[in-house]
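Colleague: If you scroll down you'll find the structure; I have some questions about it.
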Amino acid sequence: MPTARIEGLTTERFAHILSVAMDEFAASRYKDASFNRIIKNCQMAKGTMYYYFKSKEDLFLTIHKATLRDFRKVTALALEQPGNARAYWAHAEELLLEFYRTLYRKPSASQFVTNFLTQESRREGHPALSTVNQIDTWLQDFLNLGQDLGAIRADLNLGQVTILAWGLWESCRSWLPSETNGMQSLVLPDVVLDIFKRALSPALPTPAMMPEDNDSAFLGAPYAAAPELEF
């Protein structure tokens, strides 16, 4: 975390440092973000920056903590417990919509958030690992509840469904509104929800296969009966 000396920074100066750092983390993710580039773009001497922040991890955790506060409405919603399958998917929709609303309210945080909710953050030593693990625990509990209510498919075990849900997120997160795409929602939230719902809902019964002696023009017709083409 930052040193106690940040108390000596003006509000404007502190906000500027965090803004520059957030842009760097949003553009490059944590692994490839450069502390030296942040220092340069802040127009500060290295010694001055180290006086307030010892490393890029300190900066990341400061932004991370502040950003999570912006999502407290999403967090509060996530604690609610729907009582049936219909209510479950209605609740999932409200969670997604509130997530979108928060991204629109905080454009500068949007790319930062979607960047740390990735597989990269699961690596040991990543400063967001604890947060991702907490989200993973909540997600498993939520999916487990969905299976109990008949809203989530039960032909896959909980671990498999959780992997599927994270995979869908990794596929869809670039469609979310962010400064990278001019805060445009490349795919509307109802479409994103539909993708999750189609993949995670209980599977429909598999239709019976047609018998081999079916007399359809396209099924079971002998090869020799096919008309010859003239050129």
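Colleague: Could you go through the stretch 47-55 in sequence order and give the Karplus-derived ³J(HN,Hα) for each residue, using 6.51 cos²θ - 1.76 cosθ + 1.60 with θ = phi - 60°, rounded to whole Hz, and x for Gly and Pro?
Modeller: Once rounded to whole Hz, the list reads x, 5, 5, 5, 5, 9, 10, 7, 7.
Colleague: Grab the beta carbon distance between LYS31 and LYS73, set R0 = 22 Å, and tell me the FRET efficiency rounded to 0.05.
Modeller: 0.15
Colleague: Let me ask you something else. Exactly which trypsin sites (Lys or Arg not before Pro) in the stretch 81-156 are in a DSSP loop and have at most 15 other Cβ atoms within 10 Å?
Modeller: When the trypsin sites (Lys or Arg not before Pro) of the stretch 81-156 are filtered for loop state and at most 15 Cβ neighbours within 10 Å, ARG123 remain.
Colleague: For the stretch 1-82, just say rounded, prolate or oblate: build the C-alpha gyration tensor, square-root its eigenvalues into a ≥ b ≥ c, call rounded for a/c under 1.5, and beyond that prolate if a/b exceeds b/c, oblate if not.
Modeller: prolate
Colleague: Over the Cα atoms of the stretch 71-200, how large are the radius of gyration and the largest Cα-Cα distance (Dmax), in Å?
Modeller: 14.5, 40
Colleague: Given a cut-off of under 8 Å on Cα pairs at least six residues apart, what relative contact order in percent is computed for the stretch 71-200?
Modeller: Contact order relative to length: 30 percent.
Colleague: Measure out, as a whole number of angstrom, how far apart the alpha-carbon centroids of the stretch 109-158 and the stretch 51-86 sit.
Modeller: Between the Cα centres of the stretch 109-158 and the stretch 51-86 lies a distance of 13 Å.
Colleague: Tell me, in nm to one decimal, what length is gained between ASN157 and ASN144 on full extension, where the rule is 0.36 nm per residue of separation less the Cα-Cα distance?
Modeller: Using 0.36 nm per residue and subtracting the Cα-Cα distance, I get 3.7 nm.
Colleague: Could I ask something else about it? Excluding VAL192 itself, calculate the net charge of residues whose Cβ lies under 15 Å from the Cβ of VAL192, where each Lys or Arg counts +1 and each Asp or Glu counts -1.
Modeller: Overall, the nearby charge balance is -2.
Colleague: Another question, then. On a full-extension model of 0.36 nm per residue, what is the gain between THR11 and LYS106, subtracting their alpha-carbon distance, rounded to one decimal in nm?
Modeller: 32.4 nm
Taken together, the values in this text are just the output of simple stated rules run on the coordinates, not laboratory data. Keep in mind it's a predicted model, so treat the numbers as computed, not measured. Glycine gets a Cβ as well: all are built from the backbone with ideal geometry, and neighbour counts include every protein chain shown.
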